[in-house]
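Working notes for the structure below.
The values are calculated or read from the model by the stated rules, or taken from the named source; none is laboratory data. Quantities reported herein were computed from a predicted structural model and do not represent experimental measurements. Backbone-built Cβ (ideal geometry, glycine too); neighbour counts: all protein chains shown. Please note that ligands, DNA and RNA were not included when accessible areas were found on the heavy atoms of the full protein model with its side chains. Shrake-Rupley method; radii C 1.70, N 1.55, O 1.52, S 1.80 Å.
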Amino acid sequence: IRGGTDRVQTAFSVGYNSHKGIVEGSYFKRFNLGLNVDYTIAKWLKSSTSAKYARKDENTPFGTGGLQQLTELIPTITGNKFTNQIKDGAGNYGFYNPVNIYTKSWGNPLYTIENNDYVNLTNYLLANTSLEATILPGLRFKTNFGVNISDYSGYFFQPEDRRWDEQYGLGGANQDAL
């Protein structure tokens, strides 16, 4: 939105962007605001102010290399005695056999996505203001002041998954020895 008079000109903008990723549970969202104000105080004195704010919320459950990790998984989940599916209709998640040395280190990617808790929020603020005085024709004096602030808050929480221990009777120490 733009408008103004011969002394004051303003521009205001709002934006929103939201995309789902190709990996289940991944997304990117951004909200932004912008404001510009130019004010001619006198024929020889002008003021300009600009402020931009953005908030970014994103989730990438497997990080930037997640697709590579998913391509290395073996295609069958046979460790859970209740289901051999990635997730069945009763809410049981399959898992890889913890006794098999080749599969014990793999986790169920859908279980990871649906049970881990991720928060990745970033706020950005970019603002500046200037005052310009024309002292003599062809001689101008200009002051500038600006600020650029970035604030990130996030966490990652992964609950303990002991389903394999319940079905195989494997303690943490014993499981490492297998």
**OP:** Report, by residue number, each residue of segment 23-32 that is open to solvent by less than 60 Å² (accessible area, probe 1.4 Å) and touching a strand residue (DSSP E or B) at 6+ places or on another chain (Cβ under 8 Å).
**Re:** Gly25, Ser26, Phe28, Asn32
**OP:** Among the residues of segment 114-151, count how many are closer than 30 Å to Asn92 by Cβ and in a loop (DSSP other than H, G, I, E, B).
**Re:** 1
Subject >> Restricting segment 40-83 to residues that are aromatic (Phe, Trp, Tyr) and exposed (fewer than 15 other Cβ atoms within 10 Å of the Cβ), the residue that is modelled with the highest pLDDT >> reply: Trp44
Subject >> Pairs, first under 30 Å from Gly63 (Cβ atoms) and touching a residue at least 12 places away in the same chain (Cβ under 8 Å) in segment 119-139, second in a strand (DSSP E or B) and of a type in the set (Asp, Glu), C-beta under 6 Å, six or more apart >> reply: Asn120/Glu58; Leu121/Asp57; Asn123/Asp151
Original post:
Of all residues in segment 152-172 being open to solvent by 80 Å² or more (accessible area, probe 1.4 Å) and either among the small types (Gly, Ala, Ser) or part of a strand (DSSP E or B) (or both), which is modelled with the highest pLDDT?
Top reply: Tyr152
Original post:
Since Phe95 meets every condition but one in (1) surrounded by 11 or more Cβ atoms within 10 Å (Cβ to Cβ); (2) of a type in the set (Phe, Trp, Tyr); (3) without any contact (Cβ under 8 Å) to a residue 24 or more places away in the chain, which condition does it not meet?
Top reply: (3)
Original post:
Is there a residue being open to solvent by 80 Å² or more (accessible area, probe 1.4 Å), within 20 Å of Thr49 (Cα to Cα) and under 20 Å from the mean Cα position of the chain (by Cα) anywhere in segment 129-149?
Top reply: yes
